[in-house]
Amino acid sequence: MVAAVTAAALIVVGAGVGLWHDTTILVSPPEAVAEQFVRKLATGRYAVAMEHLDQRGPAVLERVRSAGSALRARAGAINQVEGEPGAMGAYNAAAAVVVTTGRAGMIRITFELVRRMGVWRITGWRGV
């Protein structure tokens, strides 16, 4: 009986991932990806933050460094980082992150994401 229930559960999950193009069950949802990215920017972990981006390279790394420096300069102490869901399709999504700070109050950063090989990647952002 346990094996049958387990098999049925695996079939349901497999169908969700394969047939219905899972966008949140087995992968981080877009707002979580954006939130993780901002947390890494805020702590100066730029190389690790690059893992969340769709494109990579020296120019992109420089943009990430610049955004992180601007965020820290504007924000002062960062008290909280919270992702907010936005519109989501099978392969594109929008999300936002609200950063609660000691100096600037609340800063809202918006993100565009694309789904590549089953994982959400950031293609652009505004607000930093």
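The values are calculated or read from the model by the stated rules, or taken from the named source; none is laboratory data. The structure presented is a predicted model; accordingly, all values stated were derived computationally and were not measured. As a convention, Cβ positions derive from the backbone with ideal geometry for all residues, glycine included, and neighbour counts pool all protein chains shown.
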Quiz prompt | Of residues in the range 99-116 being within 15 Å of the chain's Cα centre (by Cα) and farther than 18 Å from G44 by Cα, the one modelled with the lowest pLDDT | solution = R116
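Name the single residue that is farthest from R108 (Cα to Cα) among those in the range 73-90 being over 14 Å from the mean Cα position of the chain (by Cα) and of a type outside the set (S, T, N, Q). I'd like the intermediate steps shown before the answer.
The first filter runs over the range 73-90 and keeps only residues over 14 Å from the mean Cα position of the chain (by Cα), leaving 73-80, 89-90.
Narrowing further to those that are of a type outside the set (S, T, N, Q): 73-78, 89-90.
Working: A73: 15, R74: 12, A75: 11, G76: 15, A77: 15, I78: 13, G89: 22, A90: 25 Å.
The residue in question is A90.
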Quiz item: Restricting attention to the range 70-98, which residues are at pLDDT below 95 and surrounded by 19 or more Cβ atoms within 10 Å (Cβ to Cβ)?
Solution: L71, A75, I78
Quiz item: Residue check: is A67 crowded, with 18+ Cβ neighbours inside 10 Å and closer than 21 Å to M106 by Cα?
Solution: yes
Practice problem: Would you confirm whether any residue within the range 41-59 is part of a helix (DSSP H, G or I), at pLDDT 95 or above and in contact with a Phe, Trp or Tyr (Cβ under 8 Å, 6 or more places away or on another chain)? | Solution: yes
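The rows are residues; the columns are (1) free of Cβ contacts under 8 Å to residues at least 40 places away in the same chain; (2) under 23 Å from S28 (Cβ atoms); (3) small (G, A, S).
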residue	(1), (2), (3)
T43	yes, yes, no
P58	yes, no, no
S66	yes, no, yes
I78	yes, yes, no
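How many residues does the range 99-118 hold that are within 15 Å of V33 (Cβ to Cβ) and exposed (fewer than 15 other Cβ atoms within 10 Å of the Cβ)? Talk me through it step by step, then tell me what you get.
The first filter runs over the range 99-118 and keeps only residues within 15 Å of V33 (Cβ to Cβ), leaving 109-118.
From what's left, exposed (fewer than 15 other Cβ atoms within 10 Å of the Cβ): 116-118.
Selection size over the range 99-118: 3.
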